[in-house]
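The values are calculated or read from the model by the stated rules, or taken from the named source; none is laboratory data. Computed from a prediction, not measured in an experiment: that's the story for all the values here. As a convention, Cβ positions derive from the backbone with ideal geometry for all residues, glycine included, and neighbour counts pool all protein chains shown.
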Amino acid sequence: MIVSRPLQEDIIESVLNGIDTLALLPTGGGKSVCFQVPAMAMEGICIVVSPLIALMKDQVENLQAKGIKAVAVFSGMSRDEVDIALDNCIYGHLKFLYLSPERLLSDLVRERIQKMNVCLFAIDEAHCISQWGYDFRPSYMRIAEIRDLHPSVPILALTASATPEVRTDIMKQLAFKKEHLFQKSFARENLNYLCYHMEDKQRKMIEIFSKVRGTGIVYVRNRKRTREYAQLLQQYKISADFYHAGLSAQLRNEKQDQWKSGKTRVMVCTNAFGMGIDKPDVRTVIHMDLPDSPEAYYQEAGRAGRDEKTAYAIVLYNETDIADLKRRQETSFPAIKEIRNVYQAIANYLQVPVDSGMGVSYDFEITKFISNYNFNPITALSCLRVLEAEGLISVSDAVFIPSRVHFKVNNIDLYTFQVTNFKYDILIKTILRSAEGVFDEFVKISEPELANKLKITYDQVVSMLTYLHKNDILSYEPRKDSPQLTFTTPREEAVYIDIDEKKYLARKEKYILRSEAVANYVTSKHLCRSMILLNYFGEKATSRCGVCDYCRELNKQEFNEIELDNFRTNINSILKNEGPLNVVALLERSGINDSKKALEMITWMIDQEYLKYNKKVSYWRLKAEIELNNETEK
């Protein structure tokens with residue numbers, strides 16, 4: 001049974017009843033509540049699978065701040081850390097275990113999950129499981145295998161955007177016992193969708209932020225432009241900063257906090273910014289470059305107006321942007337030979353021998369890698385994405401992971417060591433006083449703070465911790481601040497990489513269709529923007545939004561929408577039957593007594609490119625009947 005109901009309460013009730021459930025809630029729709037609330041009401045641990053390390057860390061910290069025991073296991077953690085975290089999930093009464101899909105595939109993790117008292121599997125960003133989705137990740141394809149470990153445990157799959165085809169595929173891939181879907185409408189009544197064809201996009205951006213008050217986001221595809229546009233806004237006394245994945249995690253966190261607290265008004269950023277950010281009062285989201293898919297656009301635009309107050313999602317584009325979008329259709333899918341070259345270069349760069357490396361995470365500075373091998377940046381990044389889609393590697397953005405320690409010896413053995421190694425006694429005591437639970441799990445430490453308390457240098461603290469680590473007194477994991485590359489299969493000889501060319505070309509075709517849907521959305525002149533998006537996501541739009549740029553222009557006319565629809569249907573029928581007509585003949589056959597109003601409606605239809613006027617022979621004709629009909633039905 002497929003049902004369509006909007007409320008979190010219905011989803012929670014479905015989960016509590018043990019029913020496999022797919023929940024489609026727009027960005028900001030409160031997806032985490034849908035698994036956190038029922039999990040708290042059930043006995044056992046909830047396992048949450050998510051591909052976003054930053055979001056996992058954020059949710060775990062929020063739960064811990066509320067006194068709820070939670071832990072995350074993801075790329076970049078040592079085997080000791082993973083081992084202890086999983087043991088605590090079995091014996092330590094934790095309520096939530098967050099896992100990256102790559103970690104879920106390891107034998108160690110599966111072996112421990114089998115021993116856990118699991119009450120719920122929650123799959124976030126569930127569209128990643130579908131090859132027809134816009135962000136397919138092959139590691140998601142094997143998630144259903146965990147059902148064999150706990151056959152009676154329900155699955156809750158969550159996503160913000162999925163077409164009907166993807167929804168069906170999600171439920172199939174996760175082996176739902178029955179199709180069961182809760183879908184909140186994709187309509188955002190408070191969100192004004194506006195698309196402007198502009199040659200001078202920067203001037204328009206400045207104009208918008210000068211007129212519209214409140215917090216904003218500007219999305220671009222180029223890291224360099226994030227800085228340039230932020231500086232431009234600053235020149236016009238508009239508080240702005242920039243953000244992209246190439247910045248250090250600490251700097252990104254500082255910039256994000258400044259923006260969230262309202263100290264920075266506008267964030268100019270790549271799509272690395274925004275995932276999981278719960279800021280309800282964003283008034284304006286501007287896209288200065290076109291995204292690759294309507295799904296990506298809908299999620300990014302949807303970060304505006306979560307407080308249900310009036311907000312604006314604006315696209316500024318010109319013919320160059322449309323050409324760039326089409327060019328990306330080719331650059332996003334490099335030749336297979338180039339993909340193999342990049343794979344071989346990765347193995348050489350990280351010094352990973354053949355038949356090894358599976359499950360191991362390596363620090364991976366993408367810009368240094370590209371520079372080292374003199375790759376074309378766009379081609380190299382596209383090859384990395386293809387290698388991820390083929391399930392050979394996984395690459396995560398840089399996430400700041402502070403230094404951690406865990407005492408490996410018991411209290412008695414530790415005391416004996418302190419007595420015989422007085423040099424380390426004060427350091428050990430300081431850690432014990434400031435880090436609760438250090439015998440049970442890894443806890444965060446700050447080397448600078450320890451150095452300050454002990455009146456010694458940072459390097460001395462690191463040296464002492466390293467000594468204790470080498471002598472198995474404690475496990476010391478220094479801070480990380482680099483992107484992580486993980487081999488999800490044993491490293492192969494590049495020539496033997498198995499890339500299914502048929503599937504590869506099928507993914508390319510889907511990508512092209514999605515990018516064309518973006519182009520159609522921004523260039524359309526005769527349909528409500530909200531209706532176009534709703535139709536794309538398979539939701540029947542019964543009326544126009546009234547606030548997008550199309551609707552605003554229509555609202556200015558002296559005729560109403562019903563009159564226009566009836567007139568347009570009539571004109572369509574006349575021109576199909578009789579062919580091109582001059583103005584007088586067309587007005588006579590239209591049956592409209594008020595010729596002034598009829599001319600206004602014809603002019604409107606020309607402005608929206610529904611009709612075309614041929615001045616040479618002075619007649620009206622349909623621009624493209626088949627194209628028009630197809631577009632109307634989308």
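Among the residues of region 92-115, is any out of contact with any Pro (no Cβ under 9 Å at 6 or more places or on another chain), over 30 Å from Gln329 (Cβ atoms), among the aromatic types (Phe, Trp, Tyr) and crowded, with 22+ Cβ neighbours inside 10 Å? For region 92-115, residues out of contact with any Pro (no Cβ under 9 Å at 6 or more places or on another chain), over 30 Å from Gln329 (Cβ atoms), among the aromatic types (Phe, Trp, Tyr) and crowded, with 22+ Cβ neighbours inside 10 Å: present. Within region 520-551, being farther than 22 Å from Ser185 by Cβ and surrounded by fewer than 16 Cβ atoms within 10 Å (Cβ to Cβ) holds for Thr523, Lys525.
Looking only at residues of region 391-447 that are of a type in the set (Ser, Thr, Tyr) and in a loop (DSSP other than H, G, I, E, B), we find that the one that is nearest to the chain's Cα centre (by Cα) is Ser403. Here Lys503 meets the list (1) part of a helix (DSSP H, G or I); (2) touching a strand residue (DSSP E or B) at 6+ places or on another chain (Cβ under 8 Å) almost entirely, failing just condition (2).
Evaluate region 121-134: report whether one residue or more is under 17 Å from the mean Cα position of the chain (by Cα), surrounded by 16 or more Cβ atoms within 10 Å (Cβ to Cβ), closer than 30 Å to His526 by Cα and without any contact (Cβ under 8 Å) to a residue 40 or more places away in the chain. Taking every residue of region 121-134 in turn, none turns out to be under 17 Å from the mean Cα position of the chain (by Cα), surrounded by 16 or more Cβ atoms within 10 Å (Cβ to Cβ), closer than 30 Å to His526 by Cα and without any contact (Cβ under 8 Å) to a residue 40 or more places away in the chain. Checked against the criteria, Arg491 does not count as touching a residue at least 60 places away in the same chain (Cβ under 8 Å), assigned to a helix (DSSP H, G or I) and either crowded, with 16+ Cβ neighbours inside 10 Å or of a type in the set (Gly, Ala, Ser) (or both). Scanning region 373-382 finds one or more residues that are in contact (Cβ under 8 Å) with a residue 12 or more places away in the chain, touching a Lys or Arg at 6+ places or on another chain (Cβ under 9 Å) and not polar (S, T, N, Q). Among the conditions (1) assigned to a helix (DSSP H, G or I); (2) surrounded by 13 or more Cβ atoms within 10 Å (Cβ to Cβ), Asp459 misses just one, which is (2). Among the residues of region 65-123, the one identified as in contact with a Gly (Cβ under 6 Å, 6 or more places away or on another chain) and among the hydroxyl-bearing types (Ser, Thr, Tyr) is Ser106.
Scanning region 488-517 for residues that are within 23 Å of the chain's Cα centre (by Cα), modelled with pLDDT under 90 and under 30 Å from Leu247 (Cα atoms) returns a single hit, Thr488.
Has region 152-159 got any residue that is surrounded by fewer than 21 Cβ atoms within 10 Å (Cβ to Cβ) and modelled with pLDDT of 90 or more? For region 152-159, residues surrounded by fewer than 21 Cβ atoms within 10 Å (Cβ to Cβ) and modelled with pLDDT of 90 or more: present.
Identify, from the list Tyr297, Tyr343, Tyr362, the residue that is touching a Pro at 6+ places or on another chain (Cβ under 9 Å), within 21 Å of Arg137 (Cα to Cα) and of a type outside the set (S, T, N, Q). Within the list Tyr297, Tyr343, Tyr362, the selection yields Tyr297.
Scan region 376-390 for residues that are buried (at least 17 other Cβ atoms within 10 Å of the Cβ) and assigned to a loop (DSSP other than H, G, I, E, B) and the total you get is 1. For region 114-125, check the following and say yes or no: at least one residue is assigned to a loop (DSSP other than H, G, I, E, B) and touching a Lys or Arg at 6+ places or on another chain (Cβ under 9 Å). There is at least one residue in region 114-125 that is assigned to a loop (DSSP other than H, G, I, E, B) and touching a Lys or Arg at 6+ places or on another chain (Cβ under 9 Å).
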